[in-house]
1. Kindly establish whether Lys88 is modelled with pLDDT of 95 or more and crowded, with 16+ Cβ neighbours inside 10 Å.
2. Return the residues of region 4-35 that are assigned to a strand (DSSP E or B) and either of a type in the set (Lys, Arg) or modelled with pLDDT under 95 (or both); say none if nothing qualifies.
3. Would you be able to say whether some residue in region 101-123 is more than 12 Å from the chain's Cα centre (by Cα) and aromatic (Phe, Trp, Tyr)?
4. What pairs come out if I take residues in region 48-65 that are over 16 Å from Ser79 (Cα atoms) and in contact (Cβ under 8 Å) with a residue 24 or more places away in the chain and pair them with residues that are surrounded by fewer than 13 Cβ atoms within 10 Å (Cβ to Cβ) and among the basic types (Lys, Arg) whose C-beta lies under 6 Å away, six or more apart or interchain?
5. Tell me yes or no: at least one residue of region 36-52 is in a loop (DSSP other than H, G, I, E, B) and modelled with pLDDT of 95 or more.
6. Scan region 56-83 residue by residue and report those that are out of contact with any helix residue (DSSP H, G or I) (no Cβ under 7 Å at 6 or more places or on another chain) and not aliphatic (A, V, I, L, M).
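The values are calculated or read from the model by the stated rules, or taken from the named source; none is laboratory data. Since the model is a prediction, treat every value here as computed from it, not as a measurement. As a convention, Cβ positions derive from the backbone with ideal geometry for all residues, glycine included, and neighbour counts pool all protein chains shown.
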Amino acid sequence: MNIRVYYEDTDAGGIVYHANYLKFCERARSEYFFSQNLVPIIDEAHFVVRKMDCDFISSAYFSDVLKVVSKIKEIKKASFIMTQEIKKDERLIFKTEVTLVLAKDGKPKRIDENIKDMLQSLFAKIE
C-alpha cells in the first residue's frame, strides 16, 4: 500500500513524526481488508495490538510516497504475528513486528480456521 506524507504527518521541520509510522501501518492493515470488501471486524470481534517491536531506520519527509509491505509471520490460537515494513524508493526506513489479538468483549477469541485461511490469503496477495 502506498501512502503520501502530508504536512499534518510531519513536525515543524517537515520530518515524519515517529508515532505516524504506527498510524501508517495501522492504515495499511485496515486497507488490506477494505480492498477485499471486508472490514477488520469479525463476529463483533476486533484485532487489537498486543505487542510491537519497532525499528526506526531512517526518516521520511513531507510529500514523500511511502510503501507499506505487510506479511503474516505466524498465526496462533487467538493471535497472529506480522511484519510490516515501510519503504521509501525501495529503501527500508521503518520496520515492525506486531502481535495482534482477536478480542471480543475485552477477552481473546479463538481464530477459526476459515479466518486463518482468509488472513493468510489476504496478506499473501497484497503489498
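1. The answer is yes for Lys88.
2. Residue satisfying the conditions is Arg4 alone.
3. no
4. Pairs that qualify, where the first residue is over 16 Å from Ser79 (Cα atoms) and in contact (Cβ under 8 Å) with a residue 24 or more places away in the chain and the partner is surrounded by fewer than 13 Cβ atoms within 10 Å (Cβ to Cβ) and among the basic types (Lys, Arg), are Val65/Arg4.
5. Looking through region 36-52, none of the residues is in a loop (DSSP other than H, G, I, E, B) and modelled with pLDDT of 95 or more.
6. Ser58, Ser59, Tyr61, Ser63, Asp64, Lys67, Lys73, Glu74, Lys76, Lys77, Ser79, Thr83
To keep it simple, each residue is scored yes or no on (1) part of a loop (DSSP other than H, G, I, E, B); (2) touching a strand residue (DSSP E or B) at 6+ places or on another chain (Cβ under 6 Å); (3) surrounded by fewer than 18 Cβ atoms within 10 Å (Cβ to Cβ); (4) among the acidic types (Asp, Glu).
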residue	(1), (2), (3), (4)
Asp55	no, yes, yes, yes
Ser70	no, yes, no, no
Lys77	yes, no, yes, no
Gln84	no, yes, no, no
Lys95	no, yes, no, no
Val98	no, yes, no, no
Val101	no, yes, no, no
Asn114	no, no, yes, no
